[in-house]
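Nothing in this text is a laboratory measurement; each read-out follows from the coordinates by a stated rule. In this text, all values refer to a predicted model and were calculated from it rather than measured experimentally. Backbone-built Cβ (ideal geometry, glycine too); neighbour counts: all protein chains shown.
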Amino acid sequence: SDAEGAAAARGTGKTGQVFESFAERDGRGERQGRGGAGKADAEDRASALESLGDLIEARAAYERVVEREPANARATAALAWLAARRADWPEARSRGAAALAVRDDPVARLAIALADLREGDPAAAESVTRKLLEQGSLPPHERSAAQRLLAETLDVLDRPAEAYAAYAEANAVL
């Protein structure tokens with residue numbers, strides 16, 4: 001009813017189960033978590049939060065996935081990338097290595113390469129990003145991230161023409 005307020009937003013998983021809602025009650029907003037979201041839904045939710053730029057919530061969501069499934073390489077690699085984005089190089093490396101112990105994951109490799117670059121080993125970062133880009137199977141978002149990392153690496157190596165070309169390629173991918 002109007003006295004109780006109306007739902008402002010509602011997210012559903014692939015199975016149609018509600019995993020979160022936002023309701024207004026008595027003039028104040030409340031987040032309400034809902035049970036029942038499946039494994040894929042939890043990963044999709046974390047990925048959506050990351051895409052929307054809510055990195056704190058995305059991190060918490062990926063952490064919950066990894067708590068339930070310690071061998072989930074996708075969520076662990078995402079945590080490595082989030083750690084790299086906040087300049088936590090030790091966590092980026094450890095999470096990246098944990099994901100790679102389960103399966104080869106390009107996001108984990110990118111997180112480690114970013115740590116290499118920022119900690120003074122641009123040659124290692126260049127090697128990893130070039131190898132990733134040689135794979136024709138990278139999804140567009142990961143290909144763009146790899147191109148941007150290569151561009152930054154080439155810039156650090158004082159190769160501006162190559163860096164510019166890599167930036168242009170990164171922008172063309174998306």
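For the range 37-103, what D do you get in µm² per second when you plug the Kirkwood radius from alpha-carbon pairs into Stokes-Einstein at 37 °C and 0.692 mPa s?
Numbers: Rh = 11.5 Å.
Answer, rounded: 284 µm²/s.
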task: For the range 57-174, state the average projected area of the convex hull of the C-alpha atoms over all orientations, rounded to one decimal in nm².
output: 7.0
statement: Scoring only Lys, Arg, Asp and Glu (+1, +1, -1, -1) among other residues with Cβ under 14 Å from the Cβ of E152 yields -3
statement: Relative contact order as a percentage, the range 29-174, C-alpha pairs under 8 Å and 6+ apart, gives 13
